[in-house]
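> Right, I'll just put the structure down here and ask away after.
The values are calculated or read from the model by the stated rules, or taken from the named source; none is laboratory data. Predicted model only: the values in this text are computed from it and were never measured. Cβ placement follows ideal geometry from the backbone for every residue including glycine, while neighbour counts extend to all protein chains displayed. Ligands, DNA and RNA are excluded from the accessible area calculation, which covers all protein heavy atoms including side chains. Shrake-Rupley method; radii C 1.70, N 1.55, O 1.52, S 1.80 Å.
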Amino acid sequence: MKTTIEYTDEVSNPLFARPIGDEKVKIGTFCEKPDKDGTCENCWAETLNLRFGNKLTFDKANRSKIEWIYKEKPMQRLRSLNADKRESERNPGNPLMVFCCDTFDLFQPSISDDLRNRLFDEYDKFTNLTLQIQTTYPAKMNHYITSRYGFDVPNHYWFGMSAGTQEFLDENVHYLLDIYSSVRYVIFEPLLERIDASNYFYTRFQQSGLHHEQNVIDWVIIGGESGNQARPCSIHWIRALLKQAKEAKFTKVLVKQLGSKPVWGSPMEPAIEIKLKSAKGKDMSEWMCDLRMRKFPKL
């Protein structure tokens, strides 16, 4: 289905979660918050699930209480879009971009490899689309993707990970970078502190006696947190990532939003909240000019 998410054209969710054996309970979704005190703390999908879905919190303790239900309709839409060879509205000249599984993490422990295989057996066929698959479980994604494809990952897949802190990035980004994907990306949303990702934009490796330079993080997406519980996002943190990507030359950057609580102030100064009309800080016309950047990788 179409979406307002700035870095994709469509979202597709073929899996839904419900309490085991209770068909009367409304289906919803589920996840486990691997970065509980960071990126995942104020999960928007959990908020919606508690309000409109199966009422289960995203907690490891609920893993044994749910079962995943496969729905055919979302996959039928992808088959239709693939057959039509749709072009991306946000990234003209390139295939339609689809964010797969945006309401849950496809690589969480509660989803079996058999169920993942069922999805990827279909996804492999959609070569006229760009399938964006991202996770907060980079190690599990790496294991599955490398086991399934090795060095022959289909070109229509873009793989990404979320990271809101330096610690989570440093501990997990190498799992992403080890996947042979045509595009690798990191979503710094919610951005919770100043992050130095410059070491991950370039790497040197040796192959057949020759040295090659490879741009390893191809795309950076930046966003402040939104919602009533939003944590502050400093304009300086965003600018730091923009500067790092600019120096890398080949890394594309998309600033998604400033969040509900953008602040101004250096590490030596008190933070001053910036008042914006846009509740999520999405309106670029309210931004400083240097932050107005929404670029995409080109195939």
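> Lys/Arg Cβ at +1, Asp/Glu Cβ at -1, dipole of the chain taken about the Cα centre: which of Pro74, Ser181, Ala139 is farthest positive-ward?
Of Pro74, Ser181, Ala139, it is Pro74.
> Expressed as a whole percentage, what fraction of the accessible surface of the chain belongs to carbon and sulfur atoms when a 1.4 Å probe is rolled over the protein heavy atoms?
Carbon with sulfur: 50 percent of the solvent-accessible area.
> Check each of the GluC sites (Glu not before Pro) in the range 3-33 and keep only those in coil by DSSP with at most 16 other C-beta atoms within 10 angstrom; list them in order.
In loop regions of the range 3-33 (DSSP not H, G, I, E or B), the sparsely surrounded GluC sites (Glu not before Pro) are Glu6, Glu23.
> Please work out how much length the chain gains when fully extended from Asp121 to Arg292, using 0.36 nm per residue of separation minus the C-alpha to C-alpha distance, in nm with one decimal. Mind showing how you got there, number by number?
Details: separation 171, 0.36 × 171 = 61.56 nm, distance 3.83 nm.
Answer, rounded to one decimal: 57.7 nm.
> For the range 112-155, what D do you get in µm² per second when you plug the Kirkwood radius from alpha-carbon pairs into Stokes-Einstein at 10 °C and 1.306 mPa s?
D = 141 µm²/s.
> Is the shape of the range 80-238 best called rounded, prolate or oblate, per the rule: a/c under 1.5 gives rounded, else a/b larger than b/c gives prolate, else oblate, with a ≥ b ≥ c the square roots of the Cα gyration tensor eigenvalues?
rounded
> Explain nothing, just the number: dipole magnitude of the range 12-94 about its Cα centre with +1 on each Lys and Arg Cβ and -1 on each Asp and Glu Cβ, in debye rounded to the nearest 20.
Rounded to the nearest 20 debye, it is 280 debye.
> So how much slack lies between Arg79 and Lys36, counting 0.36 nm per residue of separation and subtracting their Cα-Cα distance, in nm?
12.0 nm
> Moving on. How much area per residue is accessible in the chain when the probe is 1.4 Å and only protein heavy atoms are counted (Å²)?
49 Å²
> Of (i) 95, 66, 45; (ii) 56, 53, 36; (iii) 67, 62, 39, which one was derived for Cα extents along the principal axes in Å from the structure shown?
(ii)
> Between His236 and Glu89, how high is the FRET efficiency from 1/(1 + (r/R0)^6) when r is the Cβ-Cβ distance and R₀ = 25 Å? Nearest 0.05. Intermediate results must be reported in sequence, preceding the final value.
On the way: r = 32 Å, r/R0 = 1.29.
Efficiency computed from Cβ-Cβ geometry: 0.20.
> Let me ask you something else. Determine the dipole magnitude for the range 1-57: charges of +1 sit on the beta-carbon of Lys and Arg, -1 on that of Asp and Glu, nothing else is charged, the reference point is the Cα centre, and the result goes in debye to the nearest 20.
That gives the range 1-57 a dipole magnitude of about 360 debye.
> Here's something else I'd like to know. Just subtract the alpha-carbon distance of Lys26 and Tyr70 from 0.36 nm times their residue separation and send over the number in nm, one decimal.
Residue separation times 0.36 nm, minus the Cα-Cα distance, leaves 14.4 nm.
> If I model a spin label at His143 and Thr3 as a point 7 Å from the Cα along the Cα→Cβ vector, what separation in nanometres do I get?
Those two pseudo-labels are separated by 2.6 nm.
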